[in-house]
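Written out below as structure tokens is the structure these notes cover.
A short reminder: the numbers here are calculations on the coordinates, not readings from a lab. The shown structure was predicted, so the numbers you read here are calculated from the model rather than taken from an experiment. Glycine gets a Cβ as well: all are built from the backbone with ideal geometry, and neighbour counts include every protein chain shown.
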Amino acid sequence: MKPLLRQNPQTLSMKWHREHFKKGDPIFHRGDEGSDAYLIEQGEVRIEAGQDPSTRRNITLRTGEIFGEIALVDRMPRTASAMAAEDTTLIAISSEYFLTQFNQAAPLVSHLITMVVSRFRELSKSSLPGRVQNSELRDYVFNHVQMSQNISDAIESDEFHCYYQPIMHLADQCLAGFEALIRWQRPSIGMVYPGDFIDIAESTGLIVPMGRWMIDQAIRGLAQLQARMDAVHPNRPPLFMSINLSVCQLREPDEVDIIIRMIRNSGVAMDRIKLEITESVMLGDVHEAILAMEKIKSAGIQVAIDDFGTGYSSLSYLATMPIDNLKVDQSFVFAMREHESSYRIVRAITGMAHDMGMECIAEGIEDIRDADLLRQLGCKYGQGYHFAKPISLDQALDYIERRGCPD
């Protein structure tokens, strides 16, 4: 049922992986080929530097510290030995992953880092490895790498789930479709929400297999939801499914083609899928993004701009990008009845969408008064806790029975 999430374990493991050492186990020896760097997730490591017994020095590193990092750049032999001072768990960061990022950096940055590493080795041949002194930076790196490893583990363990939030026709309060949203159910911890892991998944590339899996799950879910809708509320327009697409997926070579092929091979009508893209798409190569969106549009798939008005809005790109839907960000919807400025923004977005032949979807509707006001402004669709929070597939099927369309 979840094959796409684990389609390439080798790709996941080449970035980092956990290693466990018993007290006294060697981690590497002086003279070994430098490859991985290590972050101490739990335990204690003793570093022994210096070849001459008279000048040999030891240092003890603990949770959150990194060692062996210089080898990521030059892959020279180790200048020190490392041993587990107690039972220890390390997250190994592979040189392949680091060098991929390093080679993508600006040439000047790469050159300067190489020079720094070279001089560091010359100055520290008989001294100890450097230690990160900035505690905030160290904590950030530790949390980032640890969360990245946890995401990789979750992918392998099928801990991710697809939830569905109903989207309603504001004119008649009938169900129009759903937005598919990813959730992470961590054992012994509970539900983890996208805000806590999506950014890291994007920065590490893990968002690509996660995104494919979400598309697969959402399409499977749509088939079941449509069958229930047809049985309970016949003669209603077909449901649509909105699926978030990361900017990273949009810019990944060949990824758009893979996504289009997945949707086409599923047998679902292409125009029943809305791919939602945030305004941050404008931060990079705009021409590349437009070409990708045009490819999606030409395949018959709808394109939506999510959280419109909160990021990098530019009226000029609305005229050039193949956009079908604008989603009004919930921050404006929350405030529109209390603040005139927010109301005017919502009115402007809905009016502009209508004038440009786009459909408007409002997020964050928490009150019937919000829904009525948005309907009066010409907003076609709405979603929010007034209708339902994101729910499981079984709950969504039950929702169709209870609230799919008023009698």
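Would you give the gap between the C-alpha center of segment 247-299 and the C-alpha center of segment 171-221, rounded to a whole Å? The distance from the Cα centre of segment 247-299 to that of segment 171-221 comes to 17 Å.
Modelled label positions at R46 and H161, each set 7 Å beyond Cα in the direction of Cβ, lie 4.7 nm from each other. Annotation: Cα Rg of segment 159-403 relative to the compact-globule expectation 2.2 N^0.38 Å equals 0.98.
The stretch between Q185 and H354, if pulled fully straight at 0.36 nm per residue, gains 56.9 nm over its current Cα-Cα span. Karplus-derived 3J(HN,Hα) values for segment 293-299, using 6.51 cos²θ - 1.76 cosθ + 1.60 with θ = phi - 60°, are 5, 5, 5, 4, 4, 5, 7 Hz; glycine and proline are entered as x. Subtracting the Cα-Cα distance of S35 and E288 from their residue separation scaled by 0.36 nm leaves 87.6 nm.
Restricting attention to segment 352-402, which GluC sites (Glu not before Pro) occupy a DSSP loop and are surrounded by at most 15 other Cβ atoms within 10 Å? Provide the component values of the computation, followed by the final result.
Details: sites: E359, E363, E366, E401; in loops: E363, E366.
Passing both the DSSP loop test and the Cβ count: E366.
Extending 7 Å from the Cα toward the beta-carbon at both R369 and R251 defines two label points whose distance is 4.3 nm. Subtracting the Cα-Cα distance of R337 and Y193 from their residue separation scaled by 0.36 nm leaves 49.0 nm.
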